[in-house]
């Protein structure tokens, strides 16, 4: 089985951060989101992975390289514009060939990875082939992953029969047939290539993967489903990114590779990476402090990730993500925030009551 990771999206809902950074490389628990997908591919014994890239292709290529750090062989598939997930399959046909493949959206977080879902898809197909002489059900052409959500009208939603086979997919329905939303992970055999060639662009001008899967269903091909275990998060908005950061931080094992002085307190599940210094400060987990970062006379609260080379002095921050080489001096409290690379935030003589920020790279803010 091969892997396909769409990573060409522009990340408009995360601007201004994504004006200068690929959304798939924004860090969650100090690791780029895209790296979680690559790790999950490797865990599923996928060896060859194609990454669909757009305007940020050079940044993604520089971060991922040839994939060897994960034991993968990574190829890059250029996409001139983000024209939908089905378009990603369409332009990747030469790379995919006739192989089965797993498609994993590059800005999704899936708590349990994909190894078990890949294994079950392959097992179902193998069992169906072995039953073929007896006239049993045909091998599935696709498998979709689903997650129950409280607001299904905001998602693509699946309608299932009693056997869990997919009957119908509905995009953002006003009257949802179920509460099961499509997760950004799909498994396909080669029949999907005919489907993506056959469909037309949607009203928003994209080739929708839901339309391609519905095309398979309408022609009698089996599409199986599984409800995911663990968490799933599409990190396309500030709120979702912060929530994804929280979910991953809650799974971290505490580790202390930096230095903590005797006047500091480490509470709960905290990772202090190599070269980091904690001076006269409190770090309350779950939290992670990046390499070479200095935290002095400060409080870093739960669900916060501070990347490498940062400086926090006389400040308080919680439920936030701070990208590399940023500086926060004398600001308290910062909450529910995303700060870009090399951001500088300080305060004047008047201290604000609270601050909630989303700052692009190289910003400089003085709070009065």
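Every read-out reported here was derived from the displayed coordinates using simple, explicitly stated rules and does not represent laboratory data. Bear in mind that the values here come from a model prediction, so they are computed numbers and not experimental data. Here the Cβ positions follow ideal geometry from the backbone for every residue, glycine too, while neighbour counts run over all protein chains shown.
Summary of computed values
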{"read-out": "Separation in nanometres of the label points that stand 7 Å from Cα toward Cβ, at residue 255 and residue 200", "value": "5.3"}
{"read-out": "Residue 93 paired with residue 131, simple spin-label distance in nm, labels 7 Å along Cα-to-beta-carbon", "value": "3.1"}
{"read-out": "Which of 289, 144 has the fewest Cβ neighbours within 10 Å, and the rest in rising order", "value": "144, 289"}
{"read-out": "Relative contact order for the chain, counting Cα pairs under 8 Å that sit 6 or more residues apart, in percent", "value": "13"}
{"read-out": "Contour excess over end-to-end distance, with Cα ends at residue 153 and residue 138 and 0.36 nm allotted per residue", "value": "2.2 nm"}
{"read-out": "With Cα atoms, 0 to 90° folded angle of helix 33-43 axis to the chain main axis", "value": "50"}
{"read-out": "Percent of beta bridges antiparallel (DSSP, the chain, rounded to nearest 5)", "value": "25"}
{"read-out": "Gain in span if fully extended, residue 55 to residue 265, counting 0.36 nm per residue against the direct Cα distance", "value": "71.2 nm"}
{"read-out": "Theoretical ellipticity at 222 nm over the chain - DSSP helices of four or more residues, -39500 (n - 2.57) apiece, nearest 500", "value": "-6000 deg cm²/dmol"}
{"read-out": "Global geometry of segment 91-179, whether rounded, prolate or oblate, following the gyration tensor of its Cα atoms and the 1.5 cut on a/c", "value": "oblate"}
{"read-out": "Three-way shape call for segment 85-136 based on the alpha-carbon gyration tensor, with the a/c threshold at 1.5", "value": "oblate"}
{"read-out": "Between 0 and 90°, nearest 10: helix 209-218 axis offset from the chain longest Cα axis", "value": "20"}
